[in-house]
Amino acid sequence: MSVKEAAPPRAAPRRQQPKTRPKRKNSQWWIPWLFLAPALILFLYFKFIPMAQAVSMSVQEVRPYLGNTWVGSANYHEILSSDSFHSALGNTVVLAIGQTFGSMVLGFGLALLVEGQTRKLTFIRSAAFLPVVVPIAVVAELWRIMYHPTSDGLLNQLLGLIGLGPSGFINDPDTSLASIAVTGIWRGAPYDMMIFLAGLAGIDRGLYEAATVDGASTRQRILHVTLPGLRPVFAILFVLAAVRGFRSFTEVFLLTNGGPNGSTEVVMTLIYKLGLEQNRLGVGSAGAVLLFVATLVLTVCVQLLRRRRTV
């Protein structure tokens with residue numbers, strides 16, 4: 001028999017309970033809203049309340065200091081039957097289509113050219129994005145100078161180098177709307193470029209490598225890999241660019257103010273003139289509501305088509 005006493009059994013190690021985060025007190029739910037409150041107040045006061053007032057004014061005859069009178073749908077009937085509204089609506093649609101597709105095509109081309117991670121491309125991307133951050137008033141003034149209708153104008157000098165005569169640009173009813181569209185494309189394409197770059201970064205590089213191994217050319221890789229991968233980006237950009245085109249005002253107002261002879265009159269400039277120059281605030285508000293409804297319908301239709309394709 002051993003003289004050593006048997007050792008007592010060793011206790012099993014105790015499992016450490018995982019540390020649980022303290023539950024957030026329900027009394028602190030208001031803290032995020034507190035930080036959002038200044039922005040929400042500004043949006044409410046300068047955006048949502050004026051929108052509600054515009055809807056209310058669209059069914060009234062607005063008479064400052066005399067009291068508004070209810071007229072129902074008379075304002076809508078007046079603006080819908082107006083030839084100037086039909087002309088402005090047509091110019092708005094043409095300008096929106098031109099700026100939308102022009103900025104998307106140019107932005108997509110720029111994105112393909114500057115895609116990469118080198119420092120030189122970073123500088124080029126920053127330089128290409130400058131038209132977006134420059135105030136639209138400065139952009140309009142620069143293009144107004146370049147559109148000078150005489151042979152001494154910058155663009156007319158460039159046209160003279162290739163044997164073309166001087167153009168009136170914004171002073172010619174035949175070219176004024178196209179000239180404004182070019183200005184909008186020049187300013188909107190860099191914005192589309194940045195969104196395209198974000199979309200290109202999300203495409204699997206293995207697809208390009210597989211296409212290269214299969215002998216696909218650069219054009220085939222763009223058609224069969226890049227464009228399908230950017231389909232959601234195209235849908236988003238189409239809505240943004242279309243809304244931007246429908247709301248064109250500043251560049252039109254500063255470059256031509258709707259002239260010459262109404263060739264560049266758009267819905268926004270017409271609403272401005274009806275409400276603030278002719279003091280017909282009720283009719284102008286009706287036009288603003290119609291423009292909002294058209295933009296909303298376009299956005300909803302694009303989203304529905306996008307969901308059908310993804311299902």
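Just so you know, all these numbers are worked out from the coordinates, no wet-lab data involved. Because the structure is a prediction, the values reported are computed rather than measured. Positions of Cβ are backbone-derived with ideal geometry, glycine not excepted, and every protein chain shown enters the neighbour counts.
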Self-check item: Listed residue (LEU44, MET57, VAL243) projecting farthest to the positive dipole end of the chain, Cβ model
Solution: LEU44
Quiz item: Helix 119-128 versus the longest principal axis of the chain: what is the Cα-based angle in degrees, 0 to 90, to the nearest 10?
Solution: 30
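So what is the 222 nm mean residue ellipticity for the chain from helices alone, if each DSSP H run of at least 4 adds -39500 (n - 2.57) and you divide by all residues, rounding to the nearest 500 deg cm²/dmol? If you can, show how the numbers build up before the last one.
Values: 15 runs with 192 residues, N = 311.
After summing the helix terms and dividing by the residues of the chain, the value is -19500 deg cm²/dmol.
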Exercise. With Cα Rg over 2.2 N^0.38 Å in mind, check (1) 1.51; (2) 1.00; (3) 1.39 and report the label derived from this structure.
Key: (1)
Quiz item: FRET efficiency for SER56 and LEU158, Cβ-Cβ distance as r, R0 = 51 Å, nearest 0.05?
Solution: 0.50
Quiz item: So what's the angle, to the nearest 10 degrees on a 0 to 90 scale, between helix 30-43 and the longest Cα principal axis of the chain?
Solution: 10
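With charges only on Cβ, +1 for K and R and -1 for D and E, what is the dipole size of region 73-310 about its Cα centre, in debye, rounded to 20? Mind dumping the intermediate values first?
Values: 17 positive and 14 negative charges, 186 e Å.
In debye, rounded to 20, region 73-310 gives about 900.
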Quiz item: What distance in nm separates the simple spin-label points at ARG307 and VAL133, each placed 7 Å from Cα in the Cβ direction?
Solution: 3.8
Quiz item: Relative to the first principal axis of the alpha-carbon coordinates of the chain, what is the inclination of helix 136-146, with its axis defined by its Cα atoms, in degrees from 0 to 90 and to the nearest 10?
Solution: 50
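Quick check on region 26-144: take the gyration tensor over C-alpha atoms, sort the square-rooted eigenvalues as a ≥ b ≥ c, and tell me if it's rounded (a/c under 1.5), prolate or oblate.
Oblate.
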Exercise. Using a 10 angstrom cutoff on alpha carbons, build the Gaussian network for the chain and name the most mobile of GLY160, GLY262, GLY282.
Key: GLY160
Exercise. Express in nm, to one decimal, how much length is gained between TYR208 and ALA39 on full extension, taking 0.36 nm for each residue of separation and deducting their alpha carbon distance.
Key: 56.5 nm
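Excluding THR256 itself, what net charge comes from residues whose Cβ is under 11 Å from its Cβ, given Lys and Arg +1 and Asp and Glu -1? Show your work: numbers first, answer last.
On the way: positive: ARG144; negative: ASP172, GLU251, GLU265.
Here the charged neighbours net out to -2.
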Practice problem: Please give the contour-minus-distance gain from LEU142 to ILE97: 0.36 nm per residue of separation, less the Cα-Cα distance, rounded to one decimal in nm. | Solution: 13.8 nm
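Counting other beta carbons within 10 Å of each residue's own, what order do GLU141, GLU78 fall into, fewest first? Kindly include the intermediate steps, with their values, before the conclusion.
Numbers: GLU141 13, GLU78 17.
Ranking GLU141, GLU78 by Cβ neighbours within 10 Å, fewest first, gives GLU141, GLU78.
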Quiz prompt | Sparsely packed chymotrypsin sites (Phe, Trp or Tyr not before Pro) within region 56-120, loop by DSSP, other Cβ within 10 Å at most 14 | solution = TYR65
Self-check item: Rel. contact order, % - alpha carbon contacts under 8 angstrom, at least six apart, region 73-310
Solution: 30
Self-check item: Label zone at LEU112 (point 7 Å along Cα-to-Cβ), backbone N below 18 Å, region 157-191
Solution: 189-191
Quiz item: Whose amide H sits under 5 Å from the amide H of GLN60, counting only residues 5 or more places off or on another chain, with H placed in the peptide plane?
Solution: VAL71
